[in-house]
């Protein structure tokens, strides 16, 4: 198994480039373009930190797949009650390969380890999202 493709001596400009490419591949151009258009001098250091840390150093690693990383992210966001970010990453599953079945399993896991209220709200948001994109949620095998 590959431990990681991270290179600690990668120049900052290269990390920004790599991070932005990964961010776009996960969240989509529209989201990233909106974020970049709202960028100011005030939050520029924060935006740079996100691209460098989250998108270059973490999401660009090949130690686990984007699908696995997406599922971990959804679990952590649901557990922490970070619902705006949860919805953003739920939409991003269209780009990461995580399927509705994966999200269901993530939320069942959240219910056990982070509490039923967190999982319940996650299910509410996931159902609304999947209905909005035409996924039939009526016929599912039970767990």
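Observations on the structure shown:
- Considering residues of segment 8-29 that are over 25 Å from residue 71 (Cβ atoms), part of a helix (DSSP H, G or I) and without any contact (Cβ under 8 Å) to a residue 40 or more places away in the chain only, the residue nearest to the chain's Cα centre (by Cα): 17
- Filter result for residue 50 (more than 29 Å from residue 116 (Cβ to Cβ), under 17 Å from the mean Cα position of the chain (by Cα) and either part of a loop (DSSP other than H, G, I, E, B) or not assigned by TED's automatic domain parsing to the domain that holds residue 108 (or both)): yes
- Meets criteria (in the same structural domain as residue 124 (by TED's automatic domain parsing) and either in contact (Cβ under 8 Å) with a residue 12 or more places away in the chain or not in a helix (DSSP H, G or I) (or both)) for residue 40: no
- So residue 32, is it closer than 16 Å to residue 95 by Cβ, without any contact (Cβ under 8 Å) to a residue 40 or more places away in the chain and in contact with a helix residue (DSSP H, G or I) (Cβ under 8 Å, 6 or more places away or on another chain): yes
- Unmet requirement for residue 98, which otherwise passes all of (1) assigned to a helix (DSSP H, G or I); (2) surrounded by 15 or more Cβ atoms within 10 Å (Cβ to Cβ): (1)
The values are calculated or read from the model by the stated rules, or taken from the named source; none is laboratory data. Keep in mind it's a predicted model, so treat the numbers as computed, not measured. With ideal geometry, Cβ positions are generated from the backbone for all residues, glycine too; neighbour counts draw on all protein chains shown.
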